[in-house]
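> Below are the structure tokens for one structure; questions will follow.
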Amino acid sequence: MSHFNSPPFPHRSRTKSSTPLLVSHLFYPLLLGATLALFYASLRHGWDLATVFAGMAGARLVVLLAVEFGYPAKPEWKMNWPSFKRDLKYMAVNGVATGALKLGVGWLALDWSRLNTGIVTNTSFWLEFVAVVLVFEFVQYWYHRWSHEGTGRMGAWLWKVHLAHHLPDKVYLLMHPVGHPLDLLRALAMVNLPLVVLGARSESIFLYNALMGLQGLVSHFNVDIKAGPFNYLLVGTELHRFHHSADLREAKNFGVLTPFWDLVFGTFFYDPKRLPATLGVAAPEHYPQSDALGQVLALPFSRSATTPWAQDDAQSEP
């Protein structure tokens, strides 16, 4: 069941936010504006794009962590010591190595772009940028959607690879690395491959990775951000939080950077007046706990854990 700009479900209560207006309505536009301003300044002053990219990523994370600590959307979704210990396990397996690899590949993509040629190389910058984003998102959208809704052996296997990221019952910044290494490596390749294949120039790669980094963090932000019309342009806190809902009717929004293909294919879900009641997976009793790292890593190679739709159907049977 798909929802386009969906009205609330009848049984859902409305959420009254206690987050200050400056944080809920202005913080995200200011952060997005700062990212775009830094991109413009880098081009204008000839700064090294790879160095600016690395510095911006670190500074942005510190600012977001400070705001999340001070203004959580739900106190029960805050990081605590047990969840942080779990996150550290995944960071040890994924975060440090894959994060460094992701930064390195983005850096290499910037460097290779100086010699790269492809079908968008001689187009205008903005046409090139939009083409790269839409091509990436189209491939990513269908892979991501099939990982949730796919049928048969392939659909079940893709879900088992992707499942680790949906096991946590709270979503906040530092749980972002929670995921299976196979899924993270897939994401790494899928993010940068279109850049090289299409022949994107370094400026386009910089902006692409800067926005991907921003939206990736903001998407897992435990703050009651109200992005308004930006939700129809970029995937942020409100849209991706519903993607992590345990209610499969609203666990849509398969886009990562833009909801364009969700809007096209009818999987866009947006209800600005409330938060999801529960995060995580439907029928969690069918899966290992998110902190059982060994069991989670073994999921793609096991016969357990079919698609979320199969588990939901099993629960609804009399």
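> Please state which one of Ala97, Ala66 is at pLDDT 95 or above, of a type in the set (A, V, I, L, M) and either within 29 Å of Leu26 (Cα to Cα) or surrounded by 13 or more Cβ atoms within 10 Å (Cβ to Cβ) (or both).
Answer to the check: Ala66.
> Let me ask something else about it. Within the range 163-194, work out how many residues are free of Cβ contacts under 8 Å to residues at least 60 places away in the same chain and over 23 Å from Ala92 (Cα atoms).
Here the count works out to 1.
> So which residues in the range 195-206 are within 24 Å of Leu38 (Cβ to Cβ) and either in a loop (DSSP other than H, G, I, E, B) or of a type in the set (Gly, Ala, Ser) (or both)?
Hits for the range 195-206 are Ala200, Arg201, Ser202, Ser204.
> Sticking with this one: Consider the range 23-59. How many of its residues are under 19 Å from Glu238 (Cα atoms) and touching a residue at least 60 places away in the same chain (Cβ under 8 Å)?
The total comes to 8.
> Looking at the range 246-258, is at least one residue over 30 Å from Gly55 (Cβ atoms), of a type outside the set (S, T, N, Q) and in a helix (DSSP H, G or I)?
Looking through the range 246-258, none of the residues is over 30 Å from Gly55 (Cβ atoms), of a type outside the set (S, T, N, Q) and in a helix (DSSP H, G or I).
> Tell me yes or no: at least one residue of the range 124-138 is at pLDDT 60 or above, in a helix (DSSP H, G or I) and not hydrophobic (A, V, I, L, M, F, W, C). Walk me through it before giving the result.
If we filter the range 124-138 for residues that are at pLDDT 60 or above, which is where we start, we get 124-138.
Next, from what is left, pick out any that are in a helix (DSSP H, G or I): 125-138.
Of the ones still in play, those that are also not hydrophobic (A, V, I, L, M, F, W, C) are 128, 137.
Looking for residues that are at pLDDT 60 or above, in a helix (DSSP H, G or I) and not hydrophobic (A, V, I, L, M, F, W, C), one finds at least one in the range 124-138, hence yes.
> Here is a follow-up. If Ala277 satisfies all but one of (1) in a loop (DSSP other than H, G, I, E, B); (2) touching a helix residue (DSSP H, G or I) at 6+ places or on another chain (Cβ under 9 Å); (3) modelled with pLDDT of 95 or more; (4) at negative phi, what's the number of the condition it fails?
Here Ala277 clears every test but (2).
> Could you tell me whether Ala227 is at pLDDT 85 or above and out of contact with any Phe, Trp or Tyr (no Cβ under 9 Å at 6 or more places or on another chain)?
So Ala227 fails the test.
> Shifting gears a bit: What number of residues within the range 195-243 are aromatic (Phe, Trp, Tyr), more than 24 Å from Asn80 (Cα to Cα) and either buried (at least 23 other Cβ atoms within 10 Å of the Cβ) or in contact (Cβ under 8 Å) with a residue 60 or more places away in the chain (or both)?
3
> Separate question: Condition (residue is of a type outside the set (Gly, Ala, Ser), out of contact with any Gly (no Cβ under 9 Å at 6 or more places or on another chain), at pLDDT 90 or above and part of a loop (DSSP other than H, G, I, E, B)) applied to the range 10-20: is it met by at least one residue?
yes
> Could you list, in sequence order, the residues of the range 280-297 that are touching a His at 6+ places or on another chain (Cβ under 8 Å) and on the phi > 0 side of the Ramachandran plot?
Within the range 280-297, Gly280 is the sole residue that qualifies.
> May I pose another question? Taking the criterion of being farther than 27 Å from Ala34 by Cα and among the small types (Gly, Ala, Ser), would at least one residue in the range 247-258 satisfy it?
Yes, the range 247-258 contains a residue that is farther than 27 Å from Ala34 by Cα and among the small types (Gly, Ala, Ser).
> Could you tell me whether Asn209 is polar (S, T, N, Q) and not in a loop (DSSP other than H, G, I, E, B)?
Spelling it out, Asn209 is indeed polar (S, T, N, Q) and not in a loop (DSSP other than H, G, I, E, B).
> Being in a helix (DSSP H, G or I), closer than 22 Å to Gly58 by Cβ and not polar (S, T, N, Q) is the filter here, so list the residues in the range 170-194 that pass it. Can you show your working first?
To start, the set of residues in the range 170-194 that are in a helix (DSSP H, G or I) comprises 173-175, 181-194.
Then keep just the ones that are closer than 22 Å to Gly58 by Cβ; that gives 173-175, 184, 187-188, 191-192.
Within the range 170-194, Leu173, Leu174, Met175, Leu184, Ala187, Leu188, Val191 meet the criteria.
> Is it true that some residue in the range 230-241 is farther than 22 Å from Phe136 by Cβ, of a type in the set (A, V, I, L, M, F, W, C) and part of a loop (DSSP other than H, G, I, E, B)?
Scanning the range 230-241, I find no residue that is farther than 22 Å from Phe136 by Cβ, of a type in the set (A, V, I, L, M, F, W, C) and part of a loop (DSSP other than H, G, I, E, B), so the answer is no.
> Report the residue count in the range 249-278 for those that are aliphatic (A, V, I, L, M), more than 15 Å from His148 (Cα to Cα) and touching a residue at least 60 places away in the same chain (Cβ under 8 Å).
Number satisfying all stated conditions: 4.
The values are calculated or read from the model by the stated rules, or taken from the named source; none is laboratory data. These figures come from a predicted structure and were not determined experimentally. Ideal geometry is used to build each Cβ from the backbone, glycine not excepted, and the neighbour counts take in all protein chains shown.
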